[in-house]
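Enquirer: Structure provided below as structure tokens; questions to follow.
Computed from the coordinates by the stated procedures, all read-outs in this text should not be read as laboratory data. Predicted model only: the values in this text are computed from it and were never measured. Cβ sites come from the backbone with ideal geometry, for glycine too, and all protein chains shown count toward neighbours.
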Amino acid sequence: MRVFRTAGLAVTVAAMALAMAACGSDTSPSTALQPTGGTTATASPGGSASASPQPSGSNTAGSGGPAFGPGCSSLPSSGAGSLSSMASQPVATAVASNPQLSTLSNAIKTAGLTDTLNNAQNLTVFAPTNDAFNQLGQSQLNALLANKTQLTQVLEYHVVPQRLSPSNLAGTHKTMEGQNLTVTGSGEDFTVNNTASVVCGNIQTKNATVYLIDAVLTLPGATPTPSAT
């Protein structure tokens, strides 16, 4: 019996030694997981890893790229009317903050479209600059502003009820007014109805993409000169 007990004890000690040696040879670290692709993974207290996405760039979501065109250089670089400021505002509010669009802002208020535009979702606005309205002449502009029905129709004709990026801007689009407008061009060179050129495009607001144009669009079938009623 003494022999068997001694042998059993020896076997047990040997087994424990082997187990300790095996543990000592395991050199794989138990640290945070390394990032894969565009995410950073970290180990949670429960032992599972969670990944958080990394920033993909500075462009506004859904913008399809930065603003473009020669007119963009005259926008404020910061503060009211700047690209970063407009991006956080609904479109009518953003237009009102832009010094190049003060006449358009006044027209929107006169037509009573401020809330309509601010509360809508996913719009494209072809925004005539102050210089574009000045081309009408003061008498024509005053007549347009005095005719609320026609003013509303003209402004709604400048709005497409979907958000168009530069890549899908070219084509024929139905406007909020109900009739179609046609955009031709590509890249950073676009013309609306063969009469108005985009001078600063792909400006992002909270609910719309804005394209500044250098002429006021005329309703199909309408005379170029508005008349007051």
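Enquirer: By how many nm would the segment from K109 to Q121 grow when fully extended, if each residue of separation counts as 0.36 nm and the alpha-carbon distance is taken off?
Expert: Full extension of this stretch gives 2.4 nm more.
Enquirer: Moving on. Tally Lys and Arg at +1 and Asp and Glu at -1 over the other residues with C-beta under 15 Å from the C-beta of V199: what net charge comes out?
Expert: -4
Enquirer: Can I ask one more? What does DSSP give for the range 72-213 in terms of the percent of beta bridges that are antiparallel, rounded to the nearest 5?
Expert: In the range 72-213, DSSP labels about 75 percent of beta bridges as antiparallel.
Enquirer: Can you give the direction-averaged projected area of the convex hull of the alpha-carbon atoms in the range 72-213, in nm²?
Expert: 7.6
Enquirer: Next question, about the same structure. Quick check for me: using +1 on Lys/Arg Cβ and -1 on Asp/Glu Cβ, what's the dipole size of the range 72-213 about its Cα centre, in debye to the nearest 20?
Expert: 240
Enquirer: What is the extension gain from T195 to N130, computed as 0.36 nm multiplied by their sequence separation minus the C-alpha to C-alpha distance, in nm to one decimal?
Expert: Roughly 21.8 nm would be gained on extension.
Enquirer: Okay, moving on. Using modelled backbone amide H atoms (1.01 Å from N, in-plane), which distant-in-sequence or interchain residues come within less than 5 Å of L123's amide H?
Expert: Distant-sequence amide H within range of L123: A208, T209.
Enquirer: Would you please put 123-129, 65-71, 77-83 in order of how densely packed they are, using the mean number of other Cβ atoms within 10 angstrom per residue and starting with the highest?
Expert: Ranking, from highest mean packing down: 123-129, 65-71, 77-83.
Enquirer: Fully extended, how many nm does the chain gain between A146 and Q162 (0.36 nm per residue separation, minus their Cα-Cα distance)?
Expert: The span from A146 to Q162 would gain 2.9 nm if fully extended.
Enquirer: How high is the relative contact order of the range 72-213, given as a whole-number percent (alpha carbon pairs under 8 Å, six or more residues apart)?
Expert: It comes to 27 percent, rounded to a whole number.
Enquirer: Now for a different question. For the pair T184/T172, report the inter-label distance in nm, with labels modelled 7 Å from Cα in the Cβ direction.
Expert: Between T184 and T172, the label points sit 1.4 nm apart.
Enquirer: If the cut-off is a Cα-Cα distance under 25 Å, which lysines reach K148, setting aside same-chain residues fewer than 8 apart in sequence?
Expert: K109, K174
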